[in-house]
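Contents: one structure, followed by commentary.
The values are calculated or read from the model by the stated rules, or taken from the named source; none is laboratory data. Keep in mind that this is a model prediction, so the values were computed, not measured. Cβ placement follows ideal geometry from the backbone for every residue including glycine, while neighbour counts extend to all protein chains displayed. Please note that ligands, DNA and RNA were not included when accessible areas were found on the heavy atoms of the full protein model with its side chains. Shrake-Rupley method; radii C 1.70, N 1.55, O 1.52, S 1.80 Å.
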Amino acid sequence: MKASVTRLSREQARELLVKLDAAMAGSKGRASREAIVKFLNTIPSYSWVGIYVVEGKDLVLDAWSGPAATEHTRIPIGKGVCGFAAKAGRTEIVSDVSKDPRYLQCFLSTKSEIVVPISNQGGVLGEIDVDGDQLDAFSSLDREFLEAVARKASGVWA
Ligand code: SME
């Protein structure tokens with residue numbers, strides 16, 4: 001692990017989950033997803049945050065927060081790190097995007113990425129995509145934290 005990476009601590013993750021409930025403020029559907037991306041983007045290591053929703057065979061960008069828009073607003077399931085995670089129904093952590101052939105580039109500044117599916121009993125509804133500007137920005141703690149966030153998103157999906 002690089003010393004320069006300011007990763008999430010367990011204590012911060014616990015506090016953030018409590019604060020997220022307040023940030024979501026009983027919202028549902030797209031409004032809840034807007035609240036989630038805005039909230040997650042305040043975490044220093046989370047440079048860009050988006051939520052994609054499954055629409056047929058594609059992932060469609062529904063809400064995002066970050067310094068710039070991405071050109072990847074529609075990604076076929078199976079393509080990119082995003083499409084791979086949706087197809088597998090499993091969290092993907094890429095510690096160095098330059099070494100992952102699946103990676104679809106959005107921002108030159110991105111060095112690492114985590115993609116966490118949002119699911120219910122019926123399958124994958126969408127996913128949370130977070131880009132980091134540092135190598136190896138995401139750990140198993142971010143996975144646990146974002147999987148808890150994904151459960152909250154799933155609970156107020158429609
Ligand atoms: N990097 C993603 C595409 C989405 S952008 O990061 C916003 C991928 O490889 O699927």
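Yes or no, residue by residue, for (1) open to solvent by less than 40 Å² (accessible area, probe 1.4 Å); (2) part of a strand (DSSP E or B):
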| residue | (1), (2) |
| --- | --- |
| PRO44 | no, no |
| GLY50 | yes, yes |
| VAL60 | yes, yes |
| ALA86 | yes, no |
| SER98 | no, no |
| LEU135 | no, no |
| PHE145 | yes, no |
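Taken over the stretch 1-56, the criterion of being in contact with a strand residue (DSSP E or B) (Cβ under 9 Å, 6 or more places away or on another chain) and of a type in the set (Asp, Glu) is satisfied by GLU34, GLU55.
A single member of GLY56, GLY78, GLY83, GLY89 is at positive phi and in contact (Cβ under 8 Å) with a residue 12 or more places away in the chain, and it is GLY89.
Have a look at GLU55, GLU71 and point out the one that is near the ligand (Cβ under 10 Å from one of its atoms) and open to solvent by 30 Å² or more (accessible area, probe 1.4 Å). Let's see the steps before the verdict.
Details: GLU55 fails: near the ligand (Cβ under 10 Å from one of its atoms).
Answer to the selection: GLU71.
Does the stretch 13-29 hold any residues that are without any contact (Cβ under 8 Å) to a residue 60 or more places away in the chain and surrounded by 14 or more Cβ atoms within 10 Å (Cβ to Cβ), and which are they?
Step one: filter the stretch 13-29 for residues without any contact (Cβ under 8 Å) to a residue 60 or more places away in the chain, giving 14-15, 18-19, 22-23, 25-26.
If the condition is that a residue be without any contact (Cβ under 8 Å) to a residue 60 or more places away in the chain and surrounded by 14 or more Cβ atoms within 10 Å (Cβ to Cβ), then ALA23 is the only one that fits.
Between GLY78, GLY26, which is assigned to a loop (DSSP other than H, G, I, E, B), over 15 Å from the mean Cα position of the chain (by Cα), farther than 19 Å from ALA153 by Cα and not hydrophobic (A, V, I, L, M, F, W, C)?
Numbers: GLY26 fails: farther than 19 Å from ALA153 by Cα.
Result: GLY78 is the single residue among GLY78, GLY26 that is assigned to a loop (DSSP other than H, G, I, E, B), over 15 Å from the mean Cα position of the chain (by Cα), farther than 19 Å from ALA153 by Cα and not hydrophobic (A, V, I, L, M, F, W, C).
Of all residues being more than 8 Å from the ligand (Cβ to nearest atom) and of a type in the set (A, V, I, L, M) in the stretch 95-117, which is farthest from GLU144 (Cα to Cα)? Just the residue, please. Among residues in the stretch 95-117 that are more than 8 Å from the ligand (Cβ to nearest atom) and of a type in the set (A, V, I, L, M), the one farthest from GLU144 (Cα to Cα) is LEU108.
Among residues belonging to the stretch 74-84 that are farther than 18 Å from TRP48 by Cα and near the ligand (Cβ under 8 Å from one of its atoms), point out the one that is most open to solvent (accessible area, probe 1.4 Å). Give the steps one after another, and end with the answer.
Taking the stretch 74-84 and keeping what is farther than 18 Å from TRP48 by Cα, we get 76-79, 84.
In the following step, the residues that additionally are near the ligand (Cβ under 8 Å from one of its atoms) were identified as 79, 84.
Values: LYS79: 119, PHE84: 74 Å².
Within the stretch 74-84, the match that is most open to solvent (accessible area, probe 1.4 Å) is LYS79.
Given the condition within 14 Å of the ligand (Cβ to nearest atom) and either among the β-branched types (Val, Ile, Thr) or open to solvent by 40 Å² or more (accessible area, probe 1.4 Å) (or both), answer yes or no: does some residue in the stretch 118-125 qualify? No: the stretch 118-125 contains no residue that is within 14 Å of the ligand (Cβ to nearest atom) and either among the β-branched types (Val, Ile, Thr) or open to solvent by 40 Å² or more (accessible area, probe 1.4 Å) (or both).
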